[in-house]
1. Sort out which residues of region A:88-119 are under 19 Å from the mean Cα position of the chain (by Cα) and either outside the structural domain of residue A:44 (by TED's automatic domain parsing) or under 18 Å from residue A:160 (Cβ atoms) (or both), and write them in order of number.
2. Could you grab me the full set of residues in region B:59-82 that are surrounded by fewer than 19 Cβ atoms within 10 Å (Cβ to Cβ) and in a loop (DSSP other than H, G, I, E, B)?
3. With the condition kept exactly as written, say whether any residue in region A:223-242 is in contact with a strand residue (DSSP E or B) (Cβ under 9 Å, 6 or more places away or on another chain) and small (Gly, Ala, Ser).
4. So how many residues does region B:58-80 have that are more than 9 Å from every other protein chain (Cβ to nearest Cβ) and over 19 Å from residue A:320 (Cα atoms)?
5. Just give me the residues in region A:41-55 being in contact (Cβ under 8 Å) with a residue 60 or more places away in the chain and either among the hydroxyl-bearing types (Ser, Thr, Tyr) or within 13 Å of residue A:66 (Cα to Cα) (or both), in sequence order.
6. Among the residues of region B:148-168, are any within 14 Å of chain A (Cβ to nearest Cβ) and either in a helix (DSSP H, G or I) or under 19 Å from the mean Cα position of the chain (by Cα) (or both)?
7. Which of the numbered conditions does residue A:314 fail, given that it passes all the others? Conditions: (1) of a type in the set (A, V, I, L, M, F, W, C); (2) in a helix (DSSP H, G or I); (3) within 11 Å of chain B (Cβ to nearest Cβ); (4) surrounded by 21 or more Cβ atoms within 10 Å (Cβ to Cβ).
Amino acid sequence: MSFPFLNRRNFFLVSIIVLGFLVRFMNISTNPPGLYWDEAAIGYDSYSILKTGADHRGHFLPLFFESFGDWKLPGYEYLLVPFVGVFGLNELSVRLPNVIFGTLTVLLVYLLIKSQTKNYKLALSAAFLLAISPWHIQFSRAAFESTIALFTFTFALYLIYKSISSKNAKFLILGVILMALTQYIYHSYRIFTPMFLVGVGFIYRDFFLKFKKLVVTTAIIFLIVSIPIFIFSFTKEGKDRAISQSTFNQADFEKARLKFDQFSKPPFRFLSKYLYNKPLYTSEVLLKNYLDHFSPTFLFFKGDQVGRHSQVDIGQINIFELPLIIIGLFCLKNLKNRKFMYVLLLWLILAPIPAVIVNPTPHANRALQMVIPLVIISGIGLNYILFKSQKIIAALFCLWIVAVFLIYTNTLFGQYPKKFAADWQDGNRDMINFISSVSSKYKKVYVTNTAGVPYIYLLFYTKYDPSTYQKFGSTKGFGNYEFVDTNAKIYDQKNSLYVAPVWQKVNGNLQRVIYDSKEEPVYNIWELTGNK
Amino acid sequence: MKKKLLKTIIFSLFLSLFAFRVWQASGCISFKSFLFDNQRITTNVETSRQYEKNPDGLISRATHNKFTAAPYEFGLNISALLGSKYLLDLIGPLGFAAALIAIYYIITQRLKLGFIYLAILALAQIRATLFTSSKTDMLILCTLWFLLCFWSLNFFTKNSVRFLVFALLWLYSVWFFFISWQMPEICNEIFFK
């Protein structure tokens, strides 16, 4: 069989990439249904940098961005600036980098495996499985930093391998710089990347020992690039989020020990302070958290229980990958490139570690880096079934893949926006479109802050001038907008509009009810009449 | 001779760990049931349809029906019995590690008896989801998982480092069983023994 412009191998590769792109790109403005507040903040900060050179809080070209309860790393925010410049400030531009880099990761997986195994069928199998991976698709369809970080990491690894095969120092230096930069894109990589590099260094010690000077130079480059993030990690801002969600939390330990004491009888009650000590307790929690990421329920049936991180009723990876992973694990030793096999295993073993030290677990976003070794191992299994087993088995397996993929796409495009509207804070766009169209008629527009941080949505959807906001605005209000608690004394106000939560009874004239994609009311918009 | 002695020690330690857990479990007055509920299939289909744009449409009916929901729900039930939390509560960290080594050993060495044993274990998991005898299920599964661990004896007796790892894991497992005496993944209500 021949194709007019492409050979068979490239035809399959292009088809896989197109499929991967389509399933990541279709309806991204409206599915996920709403813009989560982190996405809105990232988008508006990039817009603000484009217009003023400073983030919306007025910090000029910051290295770390203050967000809601944590600090964001700069990678995604700066990468987004040209997208916002070209496509404007909207859902599409905020999510597009992940669609593009998510799709490019599929290509990178192909190139990485092809370069290391010289087996293009295996490379195509793994690329195909990544293209239709629910885990990777989920994080490629919204502004999650983890997707860009995974792309950068995989690209860096590809370059390092290229330097090993071509003995070209430039690739190694570039690869190591990119590895260091992953730490500026997503928090997980501040732990994962250094551990992985040490592991790779150990696996390829024979090679690296031959080029000691080069290795020392690249290590120094890595350390220099990592200095700001290293310093940041020890500041209050750098530790805030990690401390608040830490597994090593003293309060959780005390709670667990008290519970143990309450339920135990003497003499164990009195022995508990010796037996139930913190290092052992922490080791138990870490062990359980770590193994959670390999639990079949998480991987194949239920996934992460946060609606933004998975389809919840579908596993992180496709159910047909269960036999593929089992076959793949036992065929791994047949890989001729033993060192690459060790790197894959190292990658898989280290990947959940950043997610283990903070709660809750299992966490699909913090452990996204697991997805690549998993698809490669599944790819080995798929390759075995397609090309080394009987044709009837291969055909039946293909049918199973098609059926699972159809069910998944139906869930993704047909049900997801409705099912997880609340998880994505859907309704804010419609609310802001309405109030911004009528706000000029009112002296004041009050917006409830019960749903979080409405100011960022107003900034985002009205494309509010960043320099004006930096000078005169605050999270309490700007222009004629004011953000209030539900017990704020605003009912004596006339000529005002109040965006209230649906459960709040307000004396006024109801102007509009805002619904989310599930057709649940989210806000009631009232015109205040001045009657208390 | 030395290897035989090590094997005997490891065997005895495994046995003591197993006996300790079973003794602890004897205080349980209500074991957790993993019985499969047929209603879940109907609920699954109905819930899925509820979110469909066109619930009576061809795609909806083709992708969300009892035929697709049944294997999912049954698989989900079984996966709970293979979950890391459940297995840690049942056989402890040492048992978990030993079971993984044993499975690897059986498959790589292509041991016929081992495969039969794994099939029996799989049947026991299915049995636990089909019949209402949660205490018996727990005892059967605990026994079968511990017996599986004996295939890892050779691994731990190969050198002194591995034996040391075994000893540390054994101590850790005793401590683990001690503090998780309430067996939250296995038992709903337990009396202190």
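The values are calculated or read from the model by the stated rules, or taken from the named source; none is laboratory data. For clarity, every value in this text was computed on a predicted model and none was experimentally measured. Neighbour counts are summed over all protein chains in view; Cβ atoms, including those assigned to glycine, are modelled from backbone coordinates with ideal geometry.
1. A:104, A:105, A:108, A:109, listed by residue number.
2. Correct list: B:65 only.
3. Yes, the conditions are met somewhere in region A:223-242.
4. Qualifying residue count for the region: 2.
5. The answer is A:41, A:42, A:44, A:47, A:48, A:52, A:54.
6. yes
7. (2)
Per-residue answers, yes or no, for (1) small (Gly, Ala, Ser); (2) surrounded by 21 or more Cβ atoms within 10 Å (Cβ to Cβ); (3) modelled with pLDDT under 95:
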residue: A:118; (1), (2), (3): no, no, yes
residue: A:127; (1), (2), (3): yes, yes, no
residue: A:130; (1), (2), (3): no, yes, no
residue: A:133; (1), (2), (3): yes, yes, no
residue: A:145; (1), (2), (3): no, yes, no
residue: A:177; (1), (2), (3): no, no, no
residue: A:183; (1), (2), (3): no, yes, no
